[in-house]
Amino acid sequence: MKLKLHWQIIIGLILGLGYGIVAAVQGWGMFTNDWVAPFGKIFLNLLKLIAVPLVLFSLITGVASLSDLKKLSRIGGKTISVYIITTAVAVTIGLISVNLIKPGDSVPKEIKEKLEATYQSAASTKAGAAESVKDRGPLQPLVDMVPSNFFNSASSNRNMLQIVFVAIFIGIGLIQIPKDKSKPILVVFEGMNDVIIKLVDVIMLMAPIGVFALIASTIHSVAGDNISNVINLLGSLGYYMIAVISGLFIHMIVTYSAILKLFTPMSLKLFYKGISPAQLLAFSTSSSGATLPVTMERCEEELGVSEEVSSFVLPLGATINMDGTALYQAVAAVFIAQTLGMDLGLTAQLTIVFTAVLASIGTAAVPGAGIIMLVIILEAIHVPSEGIALILGVDRILDMLRTTTNVTGDASVAVMVASTEGQLRPQSTPVKTL
Ligand code: ASP
């Protein structure tokens, strides 16, 4: 019997973890860089390669098939509202977790000084990157969504919102012209869409190897050739990590289960079984953008979300809905304040809720983007941004987990929107195995 895809990926992940640890202990850094990491890069590039055309073609056909713009704005309004509400809930859970665990109170002074010294220069680079974001006007994100040249937008996966905009725009145009004119165009786009969804299946054949290589090279980049550094870091930042991880876990278990139970007929088992390959990929790549093609494929083929809904809700979610990131940013901001001996009152905590929701919307769907936007939250509550030096050492590990939460959040909202719009395939349809 052929092993199910998620088991194949889990095996790749565990072997990658084992290899990564042995490589760090044995000092096989060069070998890992030269002979293992490239397979992870190829896998990641393949996923990124199909992301832009997938969003473009599926969204154009999705919008054009709506045939009425009222429905589009209803789905849009519903999606964005649920995204914002779930993110605010995530931040609140993060704040409760960090205020109860109080991880900042347990960091000894010498460890604090050591962390600050080690990560000082890396921290100032991140703070510099945040500076350019901060100087922009309040409406800049809206301006950024509207490209002046389509080919420029299509040239970078970071411009996913521009692609979403162009696709909706073309879709609207297609609805307005006579059917005999739009039909041939739609046939081509639909065909392209089917091709790309098939390509996701082909790329996923490589997933176990890709995940193995990605995890192994991540361990190499975190630990270098000296794993004891990581062990020391995990020891000193243990409570901080527990605060983030337990928050993420509670949010996944409580918030997403509530959404699925209240608004959809889907069982949690079916949901997690269907979405698990995307979760594992999010964990291995730390990028919701790179995971997007797989999230879309799983939602459509396994969970029964219509293409119309998934092609709109998921690309939007990958770019603006980051519950895990917002929760982590809230915990990190309070942890840094606690470590620096600053007391945050209610106003500061409310400011965190507001700014973390906004900052997570502005966070790019790529590895390590969350910590850059954290600087903006720190400045809003008057905590020195150099404080991110304290948490940089374990950021990649938390990135893997928050990205998994981000992707799970997108998928559960997609199932919810599909269900409330009558666009969820009945559960009795058997789950396809790869
Ligand atoms: N890596 C995250 C994502 O792609 C963003 C972050 O850094 O929090 O979803």
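The values are calculated or read from the model by the stated rules, or taken from the named source; none is laboratory data. Everything numeric in this text was worked out from a predicted model, so none of it was measured. As a convention, Cβ positions derive from the backbone with ideal geometry for all residues, glycine included, and neighbour counts pool all protein chains shown.
Observations, loosely collected:
- Where VAL305 falls short, out of the listed (1) away from the ligand (no atom under 16 Å from the Cβ); (2) out of contact with any helix residue (DSSP H, G or I) (no Cβ under 6 Å at 6 or more places or on another chain); (3) of a type in the set (A, V, I, L, M): (2)
- Test for ALA207: is it touching a helix residue (DSSP H, G or I) at 6+ places or on another chain (Cβ under 7 Å) and of a type in the set (A, V, I, L, M, F, W, C): yes
- LEU374 being within 22 Å of MET252 (Cα to Cα), over 22 Å from the mean Cα position of the chain (by Cα) and not polar (S, T, N, Q): no
- Of everything in the range 400-413 that is under 17 Å from ILE242 (Cβ atoms) and not hydroxyl-bearing (Ser, Thr, Tyr), the residue that is farthest from the ligand (Cβ to nearest atom) is LEU401.
- Per this entry, ILE388 is not counted among residues that are part of a helix (DSSP H, G or I), surrounded by fewer than 24 Cβ atoms within 10 Å (Cβ to Cβ) and either within 12 Å of the ligand (Cβ to nearest atom) or not charged (D, E, K, R) (or both).
- Considering residues of the range 39-86 that are of a type in the set (S, T, N, Q), modelled with pLDDT under 90 and assigned to a helix (DSSP H, G or I) only, the residue surrounded by the most Cβ atoms within 10 Å (Cβ to Cβ): SER58
- Looking only at residues of the range 312-323 that are over 17 Å from ILE275 (Cβ atoms) and crowded, with 24+ Cβ neighbours inside 10 Å, we find that the one that is nearest to the ligand (Cβ to nearest atom) is THR319.
- The one condition in (1) more than 11 Å from the ligand (Cβ to nearest atom); (2) of a type outside the set (Phe, Trp, Tyr); (3) in contact with a helix residue (DSSP H, G or I) (Cβ under 6 Å, 6 or more places away or on another chain) that ILE397 fails to fulfil: (3)
- The residues on offer are GLY393, GLY409, GLY387, and the sole one that is on the phi < 0 side of the Ramachandran plot and modelled with pLDDT of 95 or more is GLY409.
- Of all residues in the range 354-366, those that are more than 12 Å from the ligand (Cβ to nearest atom) have Cβ atoms under 8 Å from Cβ atoms of residues that are of a type in the set (Val, Ile, Thr), 6 or more apart or on another chain, in THR355/ILE376; THR355/ILE377; THR355/ILE381; VAL357/ILE84; VAL357/THR87; VAL357/VAL91.
- For SER81: the one exception among (1) closer than 28 Å to ASP201 by Cα; (2) under 22 Å from the mean Cα position of the chain (by Cα): (1)
- When we screen ALA348, ALA326, ALA337 for residues that are out of contact with any Pro (no Cβ under 8 Å at 6 or more places or on another chain), within 16 Å of the ligand (Cβ to nearest atom) and either closer than 18 Å to THR404 by Cα or assigned to a helix (DSSP H, G or I) (or both), the only hit is ALA326.
- Residue match in the range 332-342 (condition: within 27 Å of LEU142 (Cβ to Cβ), out of contact with any strand residue (DSSP E or B) (no Cβ under 9 Å at 6 or more places or on another chain), surrounded by 24 or more Cβ atoms within 10 Å (Cβ to Cβ) and at pLDDT 95 or above): yes
- Which listed residue, of MET373, MET342, MET416, is within 12 Å of the ligand (Cβ to nearest atom) and in contact (Cβ under 8 Å) with a residue 12 or more places away in the chain: MET373
- Being within 16 Å of the ligand (Cβ to nearest atom) and either within 30 Å of TYR119 (Cα to Cα) or not in a helix (DSSP H, G or I) (or both) is a condition met by no residue of the range 256-273.
- In the range 242-253 there is no residue matching the filter, namely being hydroxyl-bearing (Ser, Thr, Tyr), surrounded by fewer than 22 Cβ atoms within 10 Å (Cβ to Cβ) and over 19 Å from the mean Cα position of the chain (by Cα).
- Any hit, the range 261-283, residues being among the polar types (S, T, N, Q), closer than 21 Å to THR86 by Cα and touching a strand residue (DSSP E or B) at 6+ places or on another chain (Cβ under 7 Å): yes
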